[in-house]
Amino acid sequence: MVIESRAGRLKEEIAAYLERQDFEGLGKLKKGKGLIVRTLIGMSYDKKDPLSWRAIDAIGRLVREMPRDKARTFVQRVLWMMREESGNNAWTGSEILGEIVARDPGPFEDIALIVISFHEELIFRAGSLRALARIAGVRPDLVEPFRKVPAQYLGDPDPAVRGYAVVALAALGAGDFREELEGAVSDSGEFMYYDDGRLLSIKVGELAGKALERV
């Protein structure tokens with residue numbers, strides 16, 4: 001009970017930092033970054049809650065500050081959790097790994113292709129496309145083998161998948177995918193899109209239109 005009480009207090013303390021979007025302050029907590037990121041994983045599963053997305057955001061920031069060997073061990077653990085044989089369900093594993101690679105791509109170049117390859121699995125599809133977009137924004141060379149993948153999901157029944165496909169195409173270069181994006185402008189499907197600390201309900205077509213405006 002004492003351990004559960006301590007874990008509960010830590011979760012409440014972390015939640016307060018996430019509410020304020022005080023990622024710097026969260027990183028200064030004297031609790032051990034390993035313990036904090038493990039707690040953040042448990043707070044990341046509700047994709048309708050902005051705090052869950054801020055938890056994912058925070059994980060990317062904190063892992064970048066961890067010793068390289070410990071950061072690598074954490075990444076491998078997330079991958080293990082995503083695989084069926086683990087018995088765990090890291091529903092936001094692809095978003096978490098995408099954030100980690102985007103924040104610090106150098107040490108995790110090999111992870112980029114692995115996380116994006118999870119697009120073939122339904123539960124990780126939207127997250128893998130988001131990861132592709134995040135990584136493409138900083139190291140497009142790392143996702144080049146998957147350059148043609150987002151377009152194949154513009155007709156997916158899940159608006160979140162279609163939405164992140166559009167975001168990924170924009171990150172890869174909207175000018176190279178003008179035809180695909182023009183076709184998506186009429187998509188009225190809505191999904192929850194996290195951007196700079198905010199969770200927005202936005203139409204797929206609106207994102208496509210904004211991408212084309214920047215061409």
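The values are calculated or read from the model by the stated rules, or taken from the named source; none is laboratory data. These numbers come from a predicted model, not from an experiment. A quick note on method: Cβ atoms are made from the backbone with ideal geometry, for glycine too, and the neighbour counts reach across all protein chains shown. Only protein heavy atoms, including side chains, enter the accessible area calculation; ligands, DNA and RNA are left aside. Shrake-Rupley method; radii C 1.70, N 1.55, O 1.52, S 1.80 Å.
Are any of the residues in segment 65-84 out of contact with any strand residue (DSSP E or B) (no Cβ under 8 Å at 6 or more places or on another chain), assigned to a helix (DSSP H, G or I), basic (K, R) and within 16 Å of G25 (Cα to Cα)? Talk me through it step by step, then tell me what you get.
Filtering segment 65-84 for residues out of contact with any strand residue (DSSP E or B) (no Cβ under 8 Å at 6 or more places or on another chain) gives 65-84.
Checking the rest, the ones that are also assigned to a helix (DSSP H, G or I) come to 65, 68-82, 84.
Filter once more, so that each one left must be basic (K, R): 68, 70, 72, 77.
Pick out the ones that are also within 16 Å of G25 (Cα to Cα) and you get none.
No, because not a single residue in segment 65-84 is out of contact with any strand residue (DSSP E or B) (no Cβ under 8 Å at 6 or more places or on another chain), assigned to a helix (DSSP H, G or I), basic (K, R) and within 16 Å of G25 (Cα to Cα).
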Hey, any hits in segment 98-121 for a residue that's in a helix (DSSP H, G or I), surrounded by fewer than 21 Cβ atoms within 10 Å (Cβ to Cβ) and in contact with a Pro (Cβ under 8 Å, 6 or more places away or on another chain)?
-> yes
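Looking for whichever is within 22 Å of H119 (Cβ to Cβ) and over 15 Å from the mean Cα position of the chain (by Cα) here; the options are R38, R72, R83. Which one fits?
On the way: R38 fails: within 22 Å of H119 (Cβ to Cβ); R72 fails: within 22 Å of H119 (Cβ to Cβ).
The match here is R83.
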So R214 fits all but one of (1) open to solvent by less than 70 Å² (accessible area, probe 1.4 Å); (2) touching a helix residue (DSSP H, G or I) at 6+ places or on another chain (Cβ under 7 Å); (3) modelled with pLDDT under 95; (4) under 21 Å from P140 (Cβ atoms); what number is the exception?
-> (1)
Looking across segment 21-64 at residues that are among the charged types (D, E, K, R) and part of a helix (DSSP H, G or I), the single one that is nearest to S201 (Cα to Cα) is R54
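Restrict the check to segment 167-188 and report whether at least one residue is over 22 Å from K148 (Cα atoms), modelled with pLDDT of 95 or more and either touching a helix residue (DSSP H, G or I) at 6+ places or on another chain (Cβ under 9 Å) or buried (at least 23 other Cβ atoms within 10 Å of the Cβ) (or both). Steps first, please.
Kept after step one, since they are over 22 Å from K148 (Cα atoms), are these residues of segment 167-188: 188.
Still in the running and modelled with pLDDT of 95 or more: 188.
Adding the requirement that they be either touching a helix residue (DSSP H, G or I) at 6+ places or on another chain (Cβ under 9 Å) or buried (at least 23 other Cβ atoms within 10 Å of the Cβ) (or both) leaves 188.
Checked segment 167-188: at least one residue is over 22 Å from K148 (Cα atoms), modelled with pLDDT of 95 or more and either touching a helix residue (DSSP H, G or I) at 6+ places or on another chain (Cβ under 9 Å) or buried (at least 23 other Cβ atoms within 10 Å of the Cβ) (or both).
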Write out, first by first residue and then by second, each pair whose Cβ atoms fall under 7 Å of each other, whose residues are 6+ apart or on separate chains, and whose first residue, in segment 16-44, is within 13 Å of I59 (Cα to Cα) while the second is open to solvent by 40 Å² or more (accessible area, probe 1.4 Å).
-> F23/R61; L26/Y17; G27/R61; G27/E65; K33/E65; G34/K70; T39/K11; M43/K11
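If I ask for residues that are among the charged types (D, E, K, R) and in a strand (DSSP E or B), which ones from segment 150-196 would you list?
First, the residues of segment 150-196 that are among the charged types (D, E, K, R): 156, 158, 162, 176, 178-180, 182, 187, 190, 195-196.
Listed by number, the residues that qualify are E190, D195.
Yes or no: A171 more than 13 Å from the chain's Cα centre (by Cα) and of a type in the set (G, A, S)? Give the steps one after another, and end with the answer.
Details: more than 13 Å from the chain's Cα centre (by Cα): yes; of a type in the set (G, A, S): yes.
Yes.
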Check S128 against each of (1) outside any loop (DSSP other than H, G, I, E, B); (2) of a type outside the set (A, V, I, L, M, F, W, C); (3) open to solvent by 20 Å² or more (accessible area, probe 1.4 Å) and name the one condition it does not meet.
-> (3)
Just a yes or no: is a residue in segment 135-150 under 26 Å from E65 (Cα atoms), small (G, A, S) and open to solvent by less than 30 Å² (accessible area, probe 1.4 Å)?
-> yes
When the residues of segment 189-209 are filtered to those that are in contact with a helix residue (DSSP H, G or I) (Cβ under 8 Å, 6 or more places away or on another chain) and charged (D, E, K, R), which remaining residue is surrounded by the fewest Cβ atoms within 10 Å (Cβ to Cβ)?
-> R198
On the given criteria, is A90 crowded, with 16+ Cβ neighbours inside 10 Å and either modelled with pLDDT of 90 or more or touching a Pro at 6+ places or on another chain (Cβ under 8 Å) (or both)?
-> no
